[in-house]
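To start, the structure under review is shown below, and the notes come after it.
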Amino acid sequence: MPTYHTWMRFFTPSPLHHRLGLVCLGVGLQHGALPTVGPRTLDHHVAVVVNSGTGWFKGPDGCRTPVTGPSLIWLTPGTPHHYGADPGTGWDESFVDFTGPATATYTELGYIEPDRPLVPLSDTAAPRAAVSRIVRAARRGNPLLEVETGAAVHELLVSLRRARADIGPDGDPVLQALARDAYQPLTVAEHASRHGMTPAELRTAVRRGAGCSPKDYLLGIRLGRAKELLAATDLPVAAVARRVGYDDPAYFSRLFARRVGTAPVRFREQQGRSVPGGWSDRVPDPDDPPTITT
(Lines give C-alpha, C1' and ligand atoms only; values in the text may rest on other atoms or scores of the structure.)
Protein backbone atom coordinates (compact mmCIF):
# COMPACT_ATOMS: atom_id res chain seq x y z
CA MET A 1 0.00 0.00 0.00
CA PRO A 2 1.36 3.49 -0.83
CA THR A 3 2.26 5.73 2.11
CA TYR A 4 1.34 8.85 0.19
CA HIS A 5 -1.58 10.44 -1.67
CA THR A 6 -1.33 12.26 -5.01
CA TRP A 7 -3.87 14.25 -7.03
CA MET A 8 -2.88 16.20 -10.14
CA ARG A 9 -4.17 17.69 -13.41
CA PHE A 10 -2.27 18.93 -16.47
CA PHE A 11 -3.38 21.45 -19.12
CA THR A 12 -2.37 22.47 -22.64
CA PRO A 13 -3.26 26.15 -23.15
CA SER A 14 -3.53 27.44 -26.71
CA PRO A 15 -1.09 29.96 -28.25
CA LEU A 16 -3.77 32.62 -27.79
CA HIS A 17 -3.91 31.95 -24.04
CA HIS A 18 -0.11 32.22 -23.84
CA ARG A 19 -0.49 35.81 -25.00
CA LEU A 20 -2.23 36.57 -21.69
CA GLY A 21 1.23 36.51 -20.11
CA LEU A 22 0.99 33.52 -17.79
CA VAL A 23 -0.59 30.12 -18.33
CA CYS A 24 -0.98 27.22 -15.93
CA LEU A 25 0.36 23.89 -17.20
CA GLY A 26 -0.55 21.77 -14.20
CA VAL A 27 -1.49 21.60 -10.55
CA GLY A 28 -1.08 18.96 -7.88
CA LEU A 29 -1.80 18.25 -4.21
CA GLN A 30 0.30 15.61 -2.50
CA HIS A 31 1.10 14.45 1.01
CA GLY A 32 2.96 11.66 2.75
CA ALA A 33 6.28 9.93 2.07
CA LEU A 34 6.29 10.93 -1.60
CA PRO A 35 8.62 9.40 -4.20
CA THR A 36 11.80 11.33 -4.97
CA VAL A 37 11.60 13.78 -7.88
CA GLY A 38 14.48 13.79 -10.38
CA PRO A 39 17.22 14.28 -11.12
CA ARG A 40 15.57 16.14 -13.99
CA THR A 41 15.51 19.43 -15.92
CA LEU A 42 12.31 21.18 -17.05
CA ASP A 43 11.51 23.71 -19.76
CA HIS A 44 9.03 25.65 -17.61
CA HIS A 45 8.58 27.01 -14.07
CA VAL A 46 7.18 25.13 -11.09
CA ALA A 47 6.34 26.50 -7.66
CA VAL A 48 6.42 23.67 -5.09
CA VAL A 49 4.85 24.87 -1.84
CA VAL A 50 5.81 22.63 1.07
CA ASN A 51 3.11 23.38 3.62
CA SER A 52 4.47 21.13 6.37
CA GLY A 53 6.96 18.32 6.88
CA THR A 54 10.64 17.89 6.03
CA GLY A 55 12.80 16.76 3.13
CA TRP A 56 15.76 17.80 1.03
CA PHE A 57 16.70 19.55 -2.20
CA LYS A 58 19.67 19.37 -4.58
CA GLY A 59 20.39 22.00 -7.20
CA PRO A 60 23.02 22.14 -9.97
CA ASP A 61 25.84 22.20 -7.40
CA GLY A 62 24.78 18.79 -6.09
CA CYS A 63 24.67 19.94 -2.48
CA ARG A 64 21.88 18.41 -0.42
CA THR A 65 19.99 21.13 1.47
CA PRO A 66 17.39 20.38 4.17
CA VAL A 67 13.84 21.58 3.50
CA THR A 68 11.41 22.31 6.33
CA GLY A 69 7.86 23.47 5.74
CA PRO A 70 6.52 26.01 5.30
CA SER A 71 8.87 26.58 2.37
CA LEU A 72 8.86 27.27 -1.33
CA ILE A 73 10.95 25.34 -3.86
CA TRP A 74 11.44 27.24 -7.14
CA LEU A 75 12.08 25.04 -10.17
CA THR A 76 13.15 27.16 -13.12
CA PRO A 77 13.65 26.27 -16.81
CA GLY A 78 16.93 24.62 -17.70
CA THR A 79 18.03 24.16 -14.08
CA PRO A 80 18.77 20.58 -12.94
CA HIS A 81 17.09 19.65 -9.66
CA HIS A 82 16.48 16.69 -7.39
CA TYR A 83 14.34 16.68 -4.25
CA GLY A 84 12.19 14.56 -2.00
CA ALA A 85 10.35 14.25 1.29
CA ASP A 86 11.94 12.44 4.21
CA PRO A 87 10.68 8.86 4.05
CA GLY A 88 10.01 8.76 7.77
CA THR A 89 8.00 11.97 8.08
CA GLY A 90 6.94 12.89 4.55
CA TRP A 91 5.53 16.30 3.75
CA ASP A 92 2.40 18.07 2.51
CA GLU A 93 2.91 19.91 -0.77
CA SER A 94 1.10 21.80 -3.52
CA PHE A 95 2.69 22.37 -6.91
CA VAL A 96 1.82 24.57 -9.87
CA ASP A 97 3.51 24.30 -13.28
CA PHE A 98 3.38 27.50 -15.35
CA THR A 99 5.01 29.40 -18.19
CA GLY A 100 4.50 32.48 -20.35
CA PRO A 101 6.26 35.70 -21.36
CA ALA A 102 5.34 37.40 -18.06
CA THR A 103 7.72 35.08 -16.19
CA ALA A 104 10.61 37.24 -17.41
CA THR A 105 9.06 40.33 -15.85
CA TYR A 106 8.20 38.57 -12.61
CA THR A 107 11.82 37.40 -12.44
CA GLU A 108 13.13 40.92 -13.06
CA LEU A 109 10.84 42.21 -10.29
CA GLY A 110 12.17 39.57 -7.89
CA TYR A 111 8.97 37.54 -7.52
CA ILE A 112 10.69 34.54 -9.12
CA GLU A 113 14.27 33.98 -7.94
CA PRO A 114 16.26 31.49 -10.04
CA ASP A 115 19.31 31.99 -7.82
CA ARG A 116 17.32 31.28 -4.65
CA PRO A 117 15.56 27.95 -5.20
CA LEU A 118 14.65 27.50 -1.52
CA VAL A 119 12.62 30.24 0.16
CA PRO A 120 11.38 29.92 3.78
CA LEU A 121 7.77 31.04 4.12
CA SER A 122 6.01 32.52 7.14
CA ASP A 123 2.63 31.12 6.19
CA THR A 124 1.08 29.27 3.25
CA ALA A 125 -2.59 30.18 3.72
CA ALA A 126 -2.70 32.70 0.86
CA PRO A 127 -0.65 30.58 -1.58
CA ARG A 128 -2.85 27.59 -0.79
CA ALA A 129 -5.93 29.70 -1.51
CA ALA A 130 -4.52 30.55 -4.95
CA VAL A 131 -3.76 26.89 -5.60
CA SER A 132 -7.32 26.03 -4.52
CA ARG A 133 -8.66 28.38 -7.20
CA ILE A 134 -6.69 26.43 -9.80
CA VAL A 135 -7.95 23.13 -8.40
CA ARG A 136 -11.58 24.30 -8.55
CA ALA A 137 -11.10 25.59 -12.10
CA ALA A 138 -9.62 22.23 -13.14
CA ARG A 139 -13.01 20.54 -13.29
CA ARG A 140 -13.59 18.68 -16.55
CA GLY A 141 -15.24 20.71 -19.28
CA ASN A 142 -14.71 24.14 -17.68
CA PRO A 143 -14.84 26.58 -20.65
CA LEU A 144 -12.92 29.21 -18.66
CA LEU A 145 -10.16 26.81 -17.56
CA GLU A 146 -7.15 28.51 -19.16
CA VAL A 147 -8.13 32.04 -18.20
CA GLU A 148 -9.12 31.17 -14.63
CA THR A 149 -6.00 29.13 -13.96
CA GLY A 150 -3.74 31.73 -15.60
CA ALA A 151 -5.23 34.49 -13.43
CA ALA A 152 -4.67 32.32 -10.35
CA VAL A 153 -0.98 31.92 -11.24
CA HIS A 154 -0.61 35.71 -11.04
CA GLU A 155 -2.31 35.58 -7.65
CA LEU A 156 -0.03 32.74 -6.55
CA LEU A 157 3.14 34.66 -7.43
CA VAL A 158 1.96 37.69 -5.47
CA SER A 159 0.94 35.61 -2.45
CA LEU A 160 4.28 33.77 -2.44
CA ARG A 161 6.10 37.09 -2.56
CA ARG A 162 4.12 38.34 0.43
CA ALA A 163 4.55 35.08 2.38
CA ARG A 164 8.36 35.14 2.46
CA ALA A 165 9.61 34.62 6.00
CA ASP A 166 12.18 37.44 5.64
CA ILE A 167 9.40 40.00 5.14
CA GLY A 168 7.32 41.08 8.13
CA PRO A 169 3.51 41.03 8.07
CA ASP A 170 3.48 44.79 7.53
CA GLY A 171 6.07 44.67 4.76
CA ASP A 172 9.67 45.77 4.50
CA PRO A 173 10.51 48.50 7.09
CA VAL A 174 12.80 50.27 4.59
CA LEU A 175 9.96 50.52 2.07
CA GLN A 176 7.58 51.69 4.80
CA ALA A 177 9.98 54.45 5.79
CA LEU A 178 10.48 55.53 2.17
CA ALA A 179 6.72 55.66 1.67
CA ARG A 180 6.33 57.76 4.80
CA ASP A 181 8.95 60.27 3.60
CA ALA A 182 8.08 60.06 -0.10
CA TYR A 183 6.67 63.60 -0.37
CA GLN A 184 9.72 65.28 1.13
CA PRO A 185 12.13 66.80 -1.44
CA LEU A 186 14.98 64.41 -0.58
CA THR A 187 17.53 62.81 -2.87
CA VAL A 188 18.12 59.06 -2.87
CA ALA A 189 21.41 59.69 -1.06
CA GLU A 190 19.57 61.68 1.63
CA HIS A 191 16.97 58.92 2.03
CA ALA A 192 19.79 56.38 2.39
CA SER A 193 21.55 58.51 5.01
CA ARG A 194 18.37 58.64 7.08
CA HIS A 195 18.45 54.84 7.31
CA GLY A 196 22.17 54.58 7.97
CA MET A 197 22.72 53.07 4.54
CA THR A 198 24.80 53.88 1.51
CA PRO A 199 22.89 54.67 -1.71
CA ALA A 200 24.02 51.29 -3.10
CA GLU A 201 22.68 49.46 -0.02
CA LEU A 202 19.38 51.31 -0.32
CA ARG A 203 19.11 50.43 -4.01
CA THR A 204 19.72 46.76 -3.20
CA ALA A 205 17.12 46.77 -0.41
CA VAL A 206 14.45 48.47 -2.52
CA ARG A 207 15.18 46.32 -5.56
CA ARG A 208 14.77 43.19 -3.43
CA GLY A 209 11.65 44.47 -1.67
CA ALA A 210 9.82 46.25 -4.50
CA GLY A 211 11.52 45.09 -7.69
CA CYS A 212 12.52 48.58 -8.77
CA SER A 213 14.94 51.40 -7.97
CA PRO A 214 14.35 53.78 -5.03
CA LYS A 215 13.72 56.58 -7.53
CA ASP A 216 10.99 54.63 -9.31
CA TYR A 217 9.49 53.45 -6.01
CA LEU A 218 9.22 57.03 -4.73
CA LEU A 219 7.98 58.27 -8.07
CA GLY A 220 5.15 55.74 -8.09
CA ILE A 221 3.99 56.89 -4.66
CA ARG A 222 4.25 60.57 -5.58
CA LEU A 223 2.38 60.23 -8.87
CA GLY A 224 -0.32 58.12 -7.25
CA ARG A 225 -0.95 60.84 -4.67
CA ALA A 226 -0.77 63.54 -7.35
CA LYS A 227 -3.48 61.76 -9.33
CA GLU A 228 -5.71 61.63 -6.25
CA LEU A 229 -5.27 65.36 -5.63
CA LEU A 230 -5.92 66.21 -9.27
CA ALA A 231 -9.05 64.05 -9.38
CA ALA A 232 -10.55 64.95 -6.01
CA THR A 233 -9.58 68.57 -5.38
CA ASP A 234 -9.45 71.91 -7.15
CA LEU A 235 -5.87 72.60 -6.10
CA PRO A 236 -3.77 74.29 -8.80
CA VAL A 237 -1.22 72.06 -10.47
CA ALA A 238 1.59 74.00 -8.78
CA ALA A 239 0.06 73.28 -5.37
CA VAL A 240 -0.33 69.60 -6.22
CA ALA A 241 3.33 69.50 -7.26
CA ARG A 242 4.42 71.00 -3.91
CA ARG A 243 2.20 68.57 -1.98
CA VAL A 244 4.02 65.59 -3.52
CA GLY A 245 7.55 66.95 -3.19
CA TYR A 246 8.25 69.01 -6.33
CA ASP A 247 9.05 72.70 -5.95
CA ASP A 248 9.21 73.21 -9.72
CA PRO A 249 5.67 72.79 -11.18
CA ALA A 250 6.98 72.81 -14.77
CA TYR A 251 9.31 69.90 -14.00
CA PHE A 252 6.47 68.08 -12.23
CA SER A 253 4.19 68.56 -15.26
CA ARG A 254 6.81 67.23 -17.66
CA LEU A 255 7.52 64.26 -15.41
CA PHE A 256 3.80 63.54 -14.96
CA ALA A 257 3.14 63.70 -18.70
CA ARG A 258 6.10 61.44 -19.49
CA ARG A 259 5.12 58.76 -16.96
CA VAL A 260 1.32 58.96 -17.08
CA GLY A 261 0.99 59.71 -20.78
CA THR A 262 -1.08 62.84 -20.36
CA ALA A 263 -0.60 66.27 -18.79
CA PRO A 264 -1.88 66.93 -15.24
CA VAL A 265 -4.58 69.31 -16.51
CA ARG A 266 -5.80 66.75 -19.03
CA PHE A 267 -5.80 64.02 -16.37
CA ARG A 268 -8.00 66.23 -14.19
CA GLU A 269 -10.41 66.78 -17.07
CA GLN A 270 -10.70 63.01 -17.59
CA GLN A 271 -10.80 61.83 -13.97
CA GLY A 272 -11.91 64.81 -11.93
CA ARG A 273 -14.53 64.06 -9.30
CA SER A 274 -14.82 67.09 -7.08
CA VAL A 275 -15.43 65.93 -3.53
CA PRO A 276 -15.88 68.56 -0.77
CA GLY A 277 -13.11 67.91 1.73
CA GLY A 278 -11.41 65.40 -0.54
CA TRP A 279 -11.62 61.64 -0.70
CA SER A 280 -11.68 59.50 2.40
CA ASP A 281 -8.38 57.98 3.54
CA ARG A 282 -10.26 55.09 5.14
CA VAL A 283 -9.96 51.94 3.04
CA PRO A 284 -13.46 50.47 2.55
CA ASP A 285 -14.26 46.82 3.06
CA PRO A 286 -15.63 45.44 -0.25
CA ASP A 287 -17.52 42.74 1.70
CA ASP A 288 -19.18 45.29 3.97
CA PRO A 289 -20.00 48.46 2.02
CA PRO A 290 -21.31 51.42 3.99
CA THR A 291 -25.04 51.98 4.05
CA ILE A 292 -26.14 55.00 2.02
CA THR A 293 -28.91 56.97 3.65
CA THR A 294 -31.01 59.69 2.08
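The values are calculated or read from the model by the stated rules, or taken from the named source; none is laboratory data. Since the structure is predicted, the reported quantities are computational estimates derived from the model, not experimental observations. Every residue, glycine among them, receives a Cβ derived from its backbone with ideal geometry; neighbour counts consider all protein chains shown. Side chains are part of the model used for accessible areas, which takes the heavy atoms of the whole protein and leaves out ligands, DNA and RNA. Shrake-Rupley method; radii C 1.70, N 1.55, O 1.52, S 1.80 Å.
Once you compute Rg and the Kirkwood Rh from C-alpha atoms, what is the Rg to Rh ratio for the stretch 16-107? Show your work: numbers first, answer last.
Details: Rg = 13.8 Å, Rh = 13.8 Å.
Result: Rg/Rh = 1.00.
Might you tell me the accessible area per residue for the chain, computed with a 1.4 Å probe and given in Å²? Before the final figure, lay out the partial values.
On the way: 16200 Å² over 294 residues.
Ligands and nucleic acids excluded, the figure is 55 Å² per residue.
For Glu108, Glu190, Glu146, give the ranking by accessible area with the largest first, probe 1.4 Å. Before the final figure, lay out the partial values.
Details: Glu108 135, Glu190 85, Glu146 45 Å².
Largest accessible area first, the residues go Glu108, Glu190, Glu146.
Counting only protein heavy atoms, what percent of the accessible surface of the chain is carbon or sulfur at a 1.4 Å probe? Could you put the intermediate results ahead of the total?
Details: 8870 of 16200 Å².
Carbon-and-sulfur percentage of accessible area, whole number: 55.
Report the gain in length on full extension from His18 to Thr105: 0.36 nm times residue separation, minus Cα-Cα distance, nm rounded to one decimal.
Working: separation 87, 0.36 × 87 = 31.32 nm, distance 1.46 nm.
Stretched fully, the His18-Thr105 segment lengthens by 29.9 nm.
I'd like the FRET efficiency for Gln270 and Thr204, computed as 1/(1 + (r/R0)^6) with the beta carbon distance as r and R0 of 30 Å, rounded to 0.05. It would help to have the intermediate numbers written out before the result.
Numbers: r = 38 Å, r/R0 = 1.26.
Using R0 = 30 Å, I get an efficiency of 0.20.
Name the most mobile residue of Leu175, Leu186, Leu118, meaning the one with the largest mean-square fluctuation, in a Gaussian network model of the chain with Cα contacts below 10 Å.
Leu186
Relative contact order for the chain: what is it in percent, counting Cα pairs under 8 Å that are at least 6 residues apart? Let's see the in-between values first.
Details: 491 pairs, mean separation 41.3, N = 294.
Contact order relative to length: 14 percent.
Using the alpha-carbon atoms, what tilt in degrees (0 to 90, nearest 10) does helix 199-210 show relative to the longest principal axis of the chain?
Roughly 60 degrees between the two axes.
Quick check: pseudo-label points 7 Å beyond the Cα along Cα→Cβ at Asp248 and Met8, how many nm apart are they?
Here the answer is 5.8 nm between the modelled labels.
Tell me the mean residue ellipticity at 222 nm calculated for the chain from its helices only (DSSP H runs of n ≥ 4, each -39500 (n - 2.57), averaged over every residue, nearest 500).
Details: 11 runs with 116 residues, N = 294.
The helix contribution divided over the chain gives -12000 deg cm²/dmol.
Expressed in nm to one decimal, what extension gain is obtained for the pair Val260 and Asp86 from 0.36 nm per residue of sequence separation less their Cα-Cα distance? Each step should come with its number before you reach the end.
Details: separation 174, 0.36 × 174 = 62.64 nm, distance 5.23 nm.
That pair, Val260 and Asp86, stretches by 57.4 nm at full extension.
Excluding Leu22 itself, calculate the net charge of residues whose Cβ lies under 11 Å from the Cβ of Leu22, where each Lys or Arg counts +1 and each Asp or Glu counts -1.
Working: positive: Arg19; negative: Glu146, Glu155.
Its environment carries a net charge of -1.
Per residue, how big is the convex hull around the C-alpha atoms of the chain? Give it to me in cubic angstrom, could you? Walk me through the numbers before you get to the answer.
Details: hull volume 57.0 nm³, N = 294.
Value for the chain: 194 Å³ per residue.
So what's the stretch 196-269 giving for Cα Rg divided by 2.2 N^0.38 Å, two decimals?
On the way: Rg = 13.9 Å, N = 74, 2.2 N^0.38 = 11.3 Å.
Cα Rg divided by the expected 2.2 N^0.38 Å: 1.23.
Within the set of other residues whose C-beta is less than 14 Å from the C-beta of Ser52, count the net charge using Lys and Arg as +1 and Asp and Glu as -1. Provide the component values of the computation, followed by the final result.
Values: positive: Arg128; negative: Asp86, Asp92, Glu93, Asp123.
Local net charge: -3.
Under a point spin-label approximation (7 Å from Cα along Cα-to-Cβ), what is the Glu155-Asp115 distance to one decimal in nm?
Placing both labels 7 Å along Cα→Cβ, they lie 3.3 nm apart.
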